[in-house]
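Below is one structure, written out as C-alpha coordinates; the observations come after it.
The values are calculated or read from the model by the stated rules, or taken from the named source; none is laboratory data. Since the model is a prediction, treat every value here as computed from it, not as a measurement. Glycine gets a Cβ as well: all are built from the backbone with ideal geometry, and neighbour counts include every protein chain shown. SASA here: full protein model, heavy atoms, side chains in, ligands and nucleic acids out. Shrake-Rupley method; radii C 1.70, N 1.55, O 1.52, S 1.80 Å.
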Amino acid sequence: MGGKPIGSCEIASYARSRGAYVIVADYLPEEASPAKALADEAWDVSTADLETLEALCREIGVTAVMAGVHEFNIAKAIELCERLGIKFYCSGAQWALCNDKGAFKSLCLSHGIDVARRYDEADLEAIPFDAYPVVVKPLDGSGSRGFAKCGSPEEARAALRTARENSLSGNVLIEEFVDADAVIVHYTAHNGKVVYSGMADKLSRKMGEDGAPVMAFQTAPSIHEAEYLAEVDSKAVGMFESLGIEEGPLWVEAFYKSGRFVFNEMGYRFGGSMTNHMVKELCDIDQMKLLYEASIGMSSADSVARPSDGKLYAIWPTHLKPGVVASIEGLEAVKSDPCFVACAIVHEAGDEISQWGSAQQVFAYFHFAADNVDGLLGAMRRAADRLSVRDESGREMLFSLFDPTRIEAFPSFLAAHPSNEERGSDDGN
(Lines give C-alpha, C1' and ligand atoms only; values in the text may rest on other atoms or scores of the structure.)
Protein backbone atom coordinates (compact mmCIF):
# COMPACT_ATOMS: atom_id res chain seq x y z
CA MET A 1 0.00 0.00 0.00
CA GLY A 2 1.58 3.24 -1.23
CA GLY A 3 4.12 3.39 -4.04
CA LYS A 4 6.03 6.55 -3.15
CA PRO A 5 6.83 6.49 0.60
CA ILE A 6 10.14 5.14 1.89
CA GLY A 7 10.18 1.36 2.01
CA SER A 8 7.68 0.78 -0.79
CA CYS A 9 10.25 0.12 -3.51
CA GLU A 10 12.30 -2.06 -1.18
CA ILE A 11 9.26 -4.17 -0.27
CA ALA A 12 8.08 -4.51 -3.88
CA SER A 13 11.55 -5.53 -5.07
CA TYR A 14 12.04 -8.02 -2.25
CA ALA A 15 8.61 -9.60 -2.65
CA ARG A 16 9.15 -10.07 -6.38
CA SER A 17 12.56 -11.62 -5.71
CA ARG A 18 10.76 -14.18 -3.54
CA GLY A 19 8.36 -15.06 -6.36
CA ALA A 20 5.32 -13.10 -5.20
CA TYR A 21 2.88 -11.44 -7.58
CA VAL A 22 3.08 -7.82 -6.44
CA ILE A 23 0.33 -5.21 -6.72
CA VAL A 24 1.00 -1.60 -5.65
CA ALA A 25 -1.97 0.63 -4.85
CA ASP A 26 -2.20 4.39 -4.37
CA TYR A 27 -3.88 7.38 -6.02
CA LEU A 28 -0.71 8.58 -7.81
CA PRO A 29 0.08 8.06 -11.51
CA GLU A 30 2.86 5.55 -12.17
CA GLU A 31 5.45 8.21 -13.00
CA ALA A 32 4.98 9.69 -9.49
CA SER A 33 4.81 6.33 -7.70
CA PRO A 34 8.17 4.52 -8.07
CA ALA A 35 7.06 1.20 -6.59
CA LYS A 36 4.34 0.89 -9.24
CA ALA A 37 7.04 0.64 -11.90
CA LEU A 38 8.50 -2.36 -10.00
CA ALA A 39 5.19 -4.17 -9.53
CA ASP A 40 3.41 -6.81 -11.60
CA GLU A 41 0.24 -4.76 -11.41
CA ALA A 42 -0.72 -1.23 -10.30
CA TRP A 43 -4.03 0.01 -8.94
CA ASP A 44 -4.84 3.74 -9.08
CA VAL A 45 -6.78 3.55 -5.83
CA SER A 46 -6.10 5.65 -2.75
CA THR A 47 -4.88 3.75 0.29
CA ALA A 48 -7.72 5.51 2.16
CA ASP A 49 -10.36 3.89 -0.08
CA LEU A 50 -10.67 0.65 1.87
CA GLU A 51 -14.01 -0.38 0.33
CA THR A 52 -12.60 -0.39 -3.20
CA LEU A 53 -9.35 -2.03 -2.09
CA GLU A 54 -11.22 -4.74 -0.22
CA ALA A 55 -13.38 -5.53 -3.24
CA LEU A 56 -10.38 -5.69 -5.59
CA CYS A 57 -8.38 -7.81 -3.14
CA ARG A 58 -11.22 -10.31 -2.84
CA GLU A 59 -11.71 -10.38 -6.60
CA ILE A 60 -8.07 -11.16 -7.40
CA GLY A 61 -7.35 -13.27 -4.31
CA VAL A 62 -4.78 -11.15 -2.45
CA THR A 63 -3.23 -13.17 0.38
CA ALA A 64 -0.88 -10.66 2.04
CA VAL A 65 -0.69 -6.89 2.57
CA MET A 66 2.44 -4.85 3.34
CA ALA A 67 3.32 -1.15 3.64
CA GLY A 68 6.53 0.86 3.97
CA VAL A 69 7.31 3.31 6.78
CA HIS A 70 4.40 5.71 6.23
CA GLU A 71 2.21 5.68 9.36
CA PHE A 72 -1.04 6.41 7.51
CA ASN A 73 -0.53 3.55 5.06
CA ILE A 74 0.40 1.12 7.83
CA ALA A 75 -2.76 2.04 9.77
CA LYS A 76 -4.85 1.50 6.63
CA ALA A 77 -3.08 -1.80 5.93
CA ILE A 78 -4.08 -2.99 9.40
CA GLU A 79 -7.72 -2.08 8.68
CA LEU A 80 -7.66 -3.72 5.26
CA CYS A 81 -6.26 -6.96 6.69
CA GLU A 82 -8.97 -6.97 9.35
CA ARG A 83 -11.60 -6.61 6.61
CA LEU A 84 -10.03 -9.41 4.58
CA GLY A 85 -9.42 -11.69 7.56
CA ILE A 86 -5.70 -12.05 6.80
CA LYS A 87 -2.70 -11.56 9.06
CA PHE A 88 -0.77 -8.33 9.48
CA TYR A 89 2.38 -8.14 11.58
CA CYS A 90 0.81 -5.86 14.22
CA SER A 91 -2.67 -5.24 15.57
CA GLY A 92 -4.58 -1.99 15.59
CA ALA A 93 -4.26 -1.74 19.38
CA GLN A 94 -0.49 -2.28 19.28
CA TRP A 95 -0.08 0.27 16.49
CA ALA A 96 -2.18 2.86 18.31
CA LEU A 97 -0.19 2.51 21.54
CA CYS A 98 3.18 2.67 19.81
CA ASN A 99 2.20 5.88 18.00
CA ASP A 100 0.68 7.62 21.02
CA LYS A 101 3.69 9.25 22.68
CA GLY A 102 1.82 9.79 25.94
CA ALA A 103 0.60 6.19 26.20
CA PHE A 104 4.06 4.91 25.26
CA LYS A 105 5.72 6.92 28.02
CA SER A 106 3.18 5.70 30.57
CA LEU A 107 4.02 2.16 29.50
CA CYS A 108 7.73 2.88 29.94
CA LEU A 109 7.20 4.14 33.48
CA SER A 110 5.25 1.00 34.36
CA HIS A 111 8.33 -1.04 33.38
CA GLY A 112 10.82 1.11 35.27
CA ILE A 113 12.13 2.93 32.18
CA ASP A 114 12.95 6.63 32.48
CA VAL A 115 11.05 9.22 30.40
CA ALA A 116 11.01 13.01 30.24
CA ARG A 117 8.72 14.76 32.71
CA ARG A 118 5.35 15.55 31.14
CA TYR A 119 3.22 18.66 31.64
CA ASP A 120 -0.51 19.06 31.07
CA GLU A 121 -1.61 21.59 28.48
CA ALA A 122 -4.22 22.81 30.97
CA ASP A 123 -1.45 23.52 33.50
CA LEU A 124 0.79 25.42 31.09
CA GLU A 125 0.72 28.56 33.24
CA ALA A 126 1.74 26.54 36.30
CA ILE A 127 4.98 25.20 34.80
CA PRO A 128 7.79 26.65 36.94
CA PHE A 129 10.05 29.07 35.11
CA ASP A 130 13.16 27.02 35.96
CA ALA A 131 11.61 24.04 34.13
CA TYR A 132 12.10 25.83 30.79
CA PRO A 133 12.98 25.11 28.07
CA VAL A 134 10.21 22.63 27.35
CA VAL A 135 9.30 20.77 24.18
CA VAL A 136 5.91 21.18 22.49
CA LYS A 137 5.08 18.58 19.82
CA PRO A 138 2.20 16.56 18.34
CA LEU A 139 1.12 13.63 20.50
CA ASP A 140 1.11 11.36 17.44
CA GLY A 141 3.23 13.14 14.83
CA SER A 142 6.37 12.10 12.97
CA GLY A 143 9.30 13.50 11.01
CA SER A 144 9.82 16.35 13.54
CA ARG A 145 6.85 18.22 12.05
CA GLY A 146 5.21 20.50 14.61
CA PHE A 147 8.14 20.23 17.05
CA ALA A 148 9.23 23.33 18.99
CA LYS A 149 11.70 24.02 21.79
CA CYS A 150 10.20 26.78 23.92
CA GLY A 151 12.01 28.98 26.43
CA SER A 152 8.96 30.70 27.93
CA PRO A 153 5.20 30.30 28.44
CA GLU A 154 4.62 32.74 25.58
CA GLU A 155 6.64 30.60 23.16
CA ALA A 156 4.91 27.45 24.38
CA ARG A 157 1.45 28.92 23.81
CA ALA A 158 2.45 29.99 20.29
CA ALA A 159 3.79 26.50 19.55
CA LEU A 160 0.58 24.71 20.59
CA ARG A 161 -1.28 25.61 17.41
CA THR A 162 1.46 24.32 15.09
CA ALA A 163 1.80 21.11 17.09
CA ARG A 164 -1.96 20.56 16.99
CA GLU A 165 -2.06 21.10 13.22
CA ASN A 166 0.57 18.36 12.79
CA SER A 167 -1.22 15.83 15.01
CA LEU A 168 -3.56 13.26 13.50
CA SER A 169 -5.69 13.42 16.64
CA GLY A 170 -5.28 17.15 17.27
CA ASN A 171 -3.55 16.49 20.60
CA VAL A 172 -0.21 17.85 21.80
CA LEU A 173 2.51 16.88 24.25
CA ILE A 174 4.43 19.28 26.51
CA GLU A 175 7.44 17.84 28.26
CA GLU A 176 10.88 18.40 29.73
CA PHE A 177 13.58 19.25 27.19
CA VAL A 178 16.44 16.81 27.67
CA ASP A 179 19.61 18.48 26.39
CA ALA A 180 21.55 15.32 25.59
CA ASP A 181 22.86 13.03 22.89
CA ALA A 182 20.28 10.78 21.22
CA VAL A 183 20.53 7.06 20.62
CA ILE A 184 18.39 4.80 18.44
CA VAL A 185 17.96 1.26 19.81
CA HIS A 186 16.73 -1.51 17.51
CA TYR A 187 14.87 -4.72 18.31
CA THR A 188 13.41 -7.51 16.21
CA ALA A 189 10.30 -9.47 17.18
CA HIS A 190 9.99 -12.96 15.76
CA ASN A 191 7.95 -15.95 16.95
CA GLY A 192 6.91 -13.87 19.96
CA LYS A 193 10.48 -13.26 21.13
CA VAL A 194 12.07 -9.81 21.09
CA VAL A 195 15.80 -9.65 20.32
CA TYR A 196 18.16 -6.69 20.71
CA SER A 197 19.35 -5.73 17.21
CA GLY A 198 21.85 -2.89 17.52
CA MET A 199 22.15 0.69 18.68
CA ALA A 200 23.29 3.92 17.00
CA ASP A 201 24.37 7.37 18.15
CA LYS A 202 22.37 10.11 16.46
CA LEU A 203 23.27 13.71 15.65
CA SER A 204 20.34 16.08 15.06
CA ARG A 205 20.47 19.60 13.69
CA LYS A 206 17.84 22.21 12.87
CA MET A 207 16.59 22.36 9.31
CA GLY A 208 16.96 26.09 8.75
CA GLU A 209 16.50 28.90 11.24
CA ASP A 210 12.82 28.14 11.86
CA GLY A 211 12.91 24.42 11.13
CA ALA A 212 12.74 21.44 13.44
CA PRO A 213 15.70 19.34 14.60
CA VAL A 214 16.10 16.40 12.23
CA MET A 215 18.54 13.54 11.94
CA ALA A 216 21.82 14.71 10.42
CA PHE A 217 24.00 11.64 10.96
CA GLN A 218 24.08 8.28 12.76
CA THR A 219 26.87 5.86 13.60
CA ALA A 220 26.66 2.39 15.07
CA PRO A 221 27.40 0.66 17.31
CA SER A 222 26.69 3.31 19.93
CA ILE A 223 29.43 4.30 22.35
CA HIS A 224 26.80 3.76 25.08
CA GLU A 225 25.86 0.23 23.99
CA ALA A 226 27.46 -1.73 26.85
CA GLU A 227 25.86 0.53 29.47
CA TYR A 228 22.45 0.26 27.81
CA LEU A 229 22.61 -3.55 27.58
CA ALA A 230 23.55 -3.81 31.23
CA GLU A 231 20.94 -1.41 32.59
CA VAL A 232 17.93 -1.05 30.28
CA ASP A 233 17.77 -3.81 27.66
CA SER A 234 15.95 -6.42 29.77
CA LYS A 235 13.34 -3.84 30.81
CA ALA A 236 12.71 -2.86 27.18
CA VAL A 237 12.38 -6.48 26.06
CA GLY A 238 9.91 -7.14 28.87
CA MET A 239 7.91 -4.06 27.91
CA PHE A 240 7.63 -5.09 24.24
CA GLU A 241 6.75 -8.68 25.06
CA SER A 242 4.07 -7.47 27.50
CA LEU A 243 2.23 -6.01 24.48
CA GLY A 244 2.01 -9.42 22.84
CA ILE A 245 4.25 -8.28 20.00
CA GLU A 246 5.09 -11.34 17.89
CA GLU A 247 6.64 -10.11 14.64
CA GLY A 248 8.25 -7.04 13.15
CA PRO A 249 10.98 -4.41 13.47
CA LEU A 250 10.99 -2.15 16.54
CA TRP A 251 13.08 0.90 17.41
CA VAL A 252 13.29 3.36 20.27
CA GLU A 253 14.70 6.87 20.32
CA ALA A 254 16.20 7.71 23.70
CA PHE A 255 18.40 10.44 25.13
CA TYR A 256 21.56 9.68 27.07
CA LYS A 257 22.74 12.07 29.78
CA SER A 258 25.03 11.26 32.71
CA GLY A 259 24.12 7.61 32.86
CA ARG A 260 20.42 8.26 32.29
CA PHE A 261 18.60 6.70 29.29
CA VAL A 262 15.42 8.71 28.71
CA PHE A 263 13.01 6.99 26.31
CA ASN A 264 11.37 9.48 23.92
CA GLU A 265 9.41 7.57 21.28
CA MET A 266 9.21 4.24 19.52
CA GLY A 267 8.37 2.87 16.11
CA TYR A 268 6.82 -0.49 15.29
CA ARG A 269 8.04 -0.45 11.69
CA PHE A 270 11.26 0.01 9.73
CA GLY A 271 13.07 3.22 10.62
CA GLY A 272 12.49 6.08 8.19
CA SER A 273 16.01 5.67 6.80
CA MET A 274 15.42 1.92 6.24
CA THR A 275 17.40 0.91 9.31
CA ASN A 276 16.81 -2.76 8.50
CA HIS A 277 19.99 -2.50 6.38
CA MET A 278 22.00 -1.57 9.47
CA VAL A 279 20.45 -4.38 11.54
CA LYS A 280 21.33 -6.89 8.84
CA GLU A 281 24.88 -5.59 8.40
CA LEU A 282 25.76 -5.38 12.11
CA CYS A 283 23.63 -8.12 13.69
CA ASP A 284 22.96 -10.54 10.81
CA ILE A 285 19.18 -10.27 11.27
CA ASP A 286 17.24 -9.77 8.04
CA GLN A 287 14.17 -7.82 9.15
CA MET A 288 12.82 -7.54 5.60
CA LYS A 289 12.91 -11.32 5.20
CA LEU A 290 11.25 -11.90 8.56
CA LEU A 291 8.53 -9.31 7.93
CA TYR A 292 7.79 -10.68 4.48
CA GLU A 293 7.57 -14.25 5.72
CA ALA A 294 5.36 -13.24 8.63
CA SER A 295 3.04 -11.46 6.17
CA ILE A 296 2.64 -14.54 3.97
CA GLY A 297 2.31 -16.90 6.94
CA MET A 298 5.65 -18.65 6.51
CA SER A 299 7.28 -19.97 9.70
CA SER A 300 11.03 -19.81 10.32
CA ALA A 301 13.53 -20.34 13.12
CA ASP A 302 13.97 -17.87 15.97
CA SER A 303 16.15 -14.82 15.35
CA VAL A 304 19.65 -14.83 16.81
CA ALA A 305 21.76 -11.68 16.76
CA ARG A 306 25.34 -12.27 15.58
CA PRO A 307 27.09 -8.91 16.05
CA SER A 308 29.85 -8.14 13.56
CA ASP A 309 33.32 -7.77 15.03
CA GLY A 310 34.57 -4.19 14.89
CA LYS A 311 32.58 -2.93 11.89
CA LEU A 312 31.29 0.66 12.01
CA TYR A 313 28.16 1.83 10.24
CA ALA A 314 26.86 5.25 9.21
CA ILE A 315 23.52 6.55 7.97
CA TRP A 316 23.92 9.92 6.28
CA PRO A 317 20.92 11.90 5.00
CA THR A 318 21.40 14.41 2.20
CA HIS A 319 18.87 17.22 1.85
CA LEU A 320 17.33 19.44 -0.81
CA LYS A 321 16.86 23.19 -1.07
CA PRO A 322 13.48 24.44 -2.35
CA GLY A 323 12.79 23.99 -6.05
CA VAL A 324 11.72 21.39 -8.60
CA VAL A 325 14.12 18.48 -9.06
CA ALA A 326 15.18 18.43 -12.72
CA SER A 327 18.20 16.11 -12.72
CA ILE A 328 19.99 13.63 -10.46
CA GLU A 329 23.57 12.72 -11.33
CA GLY A 330 26.23 10.53 -9.74
CA LEU A 331 23.95 8.13 -7.90
CA GLU A 332 25.37 5.03 -9.61
CA ALA A 333 28.91 6.21 -8.85
CA VAL A 334 28.01 6.48 -5.16
CA LYS A 335 26.53 2.98 -5.23
CA SER A 336 29.79 1.61 -6.65
CA ASP A 337 31.79 2.81 -3.63
CA PRO A 338 33.38 -0.11 -1.69
CA CYS A 339 31.89 1.23 1.56
CA PHE A 340 28.37 1.61 0.16
CA VAL A 341 25.68 -0.66 1.68
CA ALA A 342 22.33 0.80 0.62
CA CYS A 343 20.37 3.99 0.04
CA ALA A 344 16.76 4.94 0.60
CA ILE A 345 15.68 7.46 -2.04
CA VAL A 346 13.00 9.91 -0.88
CA HIS A 347 12.66 12.28 -3.84
CA GLU A 348 12.82 11.73 -7.61
CA ALA A 349 13.08 14.00 -10.64
CA GLY A 350 9.94 16.11 -10.97
CA ASP A 351 9.34 16.44 -7.21
CA GLU A 352 8.73 19.96 -5.94
CA ILE A 353 10.58 20.76 -2.72
CA SER A 354 9.47 23.50 -0.34
CA GLN A 355 11.16 24.98 2.72
CA TRP A 356 9.32 22.58 5.02
CA GLY A 357 12.02 22.68 7.68
CA SER A 358 11.56 18.97 8.38
CA ALA A 359 12.66 15.52 7.26
CA GLN A 360 10.47 15.99 4.17
CA GLN A 361 13.49 17.74 2.62
CA VAL A 362 15.67 14.61 2.71
CA PHE A 363 16.79 13.59 -0.77
CA ALA A 364 18.20 10.19 0.24
CA TYR A 365 19.58 8.29 3.22
CA PHE A 366 22.97 6.75 2.40
CA HIS A 367 24.27 3.74 4.33
CA PHE A 368 28.01 3.04 4.56
CA ALA A 369 30.11 0.49 6.47
CA ALA A 370 33.85 0.56 7.19
CA ASP A 371 36.43 -0.59 9.71
CA ASN A 372 36.88 2.87 11.26
CA VAL A 373 35.62 6.44 11.37
CA ASP A 374 37.99 7.62 8.65
CA GLY A 375 36.58 4.99 6.32
CA LEU A 376 33.03 6.21 6.92
CA LEU A 377 33.97 9.85 6.47
CA GLY A 378 35.91 9.05 3.32
CA ALA A 379 32.86 7.36 1.81
CA MET A 380 30.69 10.37 2.59
CA ARG A 381 33.22 12.78 1.12
CA ARG A 382 33.39 10.77 -2.10
CA ALA A 383 29.59 10.68 -2.25
CA ALA A 384 29.42 14.46 -1.81
CA ASP A 385 31.90 14.92 -4.68
CA ARG A 386 30.03 12.58 -7.03
CA LEU A 387 26.40 13.44 -6.36
CA SER A 388 24.50 16.38 -7.85
CA VAL A 389 20.81 17.26 -7.79
CA ARG A 390 19.84 20.32 -9.84
CA ASP A 391 16.66 22.30 -10.37
CA GLU A 392 15.21 23.54 -13.66
CA SER A 393 17.61 26.51 -13.69
CA GLY A 394 20.65 24.30 -13.19
CA ARG A 395 21.07 25.38 -9.57
CA GLU A 396 22.49 22.81 -7.13
CA MET A 397 19.82 21.77 -4.64
CA LEU A 398 21.78 19.26 -2.58
CA PHE A 399 23.16 19.99 0.88
CA SER A 400 23.77 18.16 4.15
CA LEU A 401 23.26 19.06 7.80
CA PHE A 402 26.42 17.06 8.55
CA ASP A 403 29.47 18.07 6.54
CA PRO A 404 32.05 15.22 6.54
CA THR A 405 34.83 17.71 5.72
CA ARG A 406 34.29 20.03 8.72
CA ILE A 407 36.19 18.44 11.59
CA GLU A 408 35.22 21.21 14.00
CA ALA A 409 31.52 20.33 13.55
CA PHE A 410 31.87 16.60 14.21
CA PRO A 411 29.77 15.19 17.08
CA SER A 412 31.67 14.10 20.18
CA PHE A 413 30.69 10.45 19.78
CA LEU A 414 32.85 10.17 16.64
CA ALA A 415 36.01 10.68 18.70
CA ALA A 416 35.19 7.60 20.80
CA HIS A 417 35.46 5.26 17.81
CA PRO A 418 38.75 3.86 16.45
CA SER A 419 40.63 6.01 13.95
CA ASN A 420 43.00 4.97 11.18
CA GLU A 421 45.98 5.28 13.50
CA GLU A 422 44.42 2.84 15.97
CA ARG A 423 43.18 0.22 13.51
CA GLY A 424 44.98 0.73 10.22
CA SER A 425 43.78 2.70 7.22
CA ASP A 426 40.68 1.54 5.38
CA ASP A 427 38.94 4.45 3.76
CA GLY A 428 37.65 2.48 0.80
CA ASN A 429 40.33 3.69 -1.63
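Carbon and sulfur atoms: what percent of the 1.4 Å accessible area of region 289-429 do they account for? Don't skip to the answer; put the middle values down first.
Details: 3000 of 6360 Å².
Carbon plus sulfur share of accessible area: 47 percent.
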query = Just the accessible area for Trp251, please: 1.4 Å probe, Å², rounded to the nearest 10?
reply = 30
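For region 295-429, with every protein chain kept in place, what is the accessible area per residue (1.4 Å probe, Å²)?
Numbers: 6220 Å² over 135 residues.
Dividing the accessible area of region 295-429 by its residue count gives 46 Å².
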remark   = Quick calc of log₁₀ I(q)/I(0), region 97-223, Debye, one scatterer on every Cα, no solvent, q values 0.11, 0.18 1/Å, result -0.44, -1.13
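Give me the net charge of Tyr14's neighbourhood, meaning all other residues with Cβ under 10 Å from the Cβ of Tyr14; Lys, Arg count +1, Asp, Glu -1.
Values: positive: Arg16, Arg18, Lys289; negative: Glu10, Asp286.
Charge balance in the 10 Å sphere: +1.
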note = Counting only protein heavy atoms and leaving out ligands, DNA and RNA, the solvent-accessible surface of Cys57 at a 1.4 Å probe, in Å² to the nearest 10, equals 10
note = In debye to the nearest 20, the charge dipole size for the chain, taken about the Cα centre with +1 at each Lys and Arg Cβ and -1 at each Asp and Glu Cβ, equals 200
inquiry  = Cut-off 10 angstrom, C-alpha nodes, Gaussian network model of the chain. Which of Glu82, Glu348, Glu265 fluctuates the most?
reply    = Glu82
task = Take the chain, connect every pair of alpha-carbon atoms lying under 10 Å apart with a spring to form a Gaussian network, then pick out the residue of Ala189, Ala156, Ala416 with the largest mean-square fluctuation.
result = Ala416
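Compute the normalised compactness of the chain: alpha-carbon radius of gyration over 2.2 N^0.38 Å, N being the residue count. Intermediate values should be presented prior to the final figure.
Numbers: Rg = 21.4 Å, N = 429, 2.2 N^0.38 = 22.0 Å.
Its radius of gyration relative to the 2.2 N^0.38 Å reference: 0.97.
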remark   = So the carbon and sulfur contribution to the accessible area of region 133-213, 1.4 Å probe, in percent, is 45
note = Straight-line reach check, Lys76, cutoff 17 Å on alpha carbons, 8 or more apart in-chain or any other chain, hits among aspartates and glutamates -> Asp26, Asp44, Asp49, Glu51, Glu54, Asp100, Asp140
inquiry  = For a quick check, take a GNM of the chain with Cα springs below 10 Å and name the residue from Ile23, Ile127, Ile184 with the largest mean-square fluctuation.
reply    = Ile127
ask   = Tell me, what ³J(HN,Hα) does each residue in region 196-209 have, in order and in whole Hz, if you take phi through Karplus 6.51 cos²θ - 1.76 cosθ + 1.60 with θ = phi - 60° and put x for Gly and Pro?
value = 4, 9, x, 8, 10, 8, 10, 9, 10, 9, 6, 8, x, 4
key: Calculated from backbone phi, Karplus (6.51, -1.76, 1.60) coupling profile of region 382-387 in Hz, x at Gly/Pro   = 5, 4, 4, 6, 8, 8
message = Can you give me the long-range amide H partners of Val22? Hydrogens built in the peptide plane at 1.01 Å from N, cutoff under 5 Å, separation of 5 or more residues or another chain.
response = Asp40, Glu41
key: Cα centroid separation - region 43-73 against region 335-402, whole Å   = 31
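Could you tell me which of the pairs Lys235/Lys311; Lys206/Lys335; Lys101/Lys280; Lys235/Lys257; Lys202/Lys280; Lys137/Lys235 are separated by over 22 angstrom between their Cα atoms in the structure shown?
Working: Lys235/Lys311 27 Å; Lys206/Lys335 28 Å; Lys101/Lys280 28 Å; Lys235/Lys257 19 Å; Lys202/Lys280 19 Å; Lys137/Lys235 26 Å.
Violating the 22 Å Cα-Cα cut-off are Lys235/Lys311; Lys206/Lys335; Lys101/Lys280; Lys137/Lys235.
Per residue, how much accessible surface does region 96-243 expose to a 1.4 Å probe? Answer in Å², no decimals. Show your work: numbers first, answer last.
On the way: 6430 Å² over 148 residues.
On a per-residue basis, 43 Å².
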inquiry  = Using the Cα centre of region 212-295 as origin and beta-carbon charges of +1 (Lys, Arg) and -1 (Asp, Glu), tell me which of Met288, Ala212, Ala254 is placed farthest towards the positive end of the dipole.
reply    = Ala212
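For Gly146, what charge total do you get from the other residues with a beta carbon under 11 Å from its beta carbon, if Lys and Arg give +1 and Asp and Glu give -1? Working shown, then result.
Values: positive: Lys137, Arg145, Arg161, Arg164; negative: Asp140, Glu165.
Here the count lands on +2.
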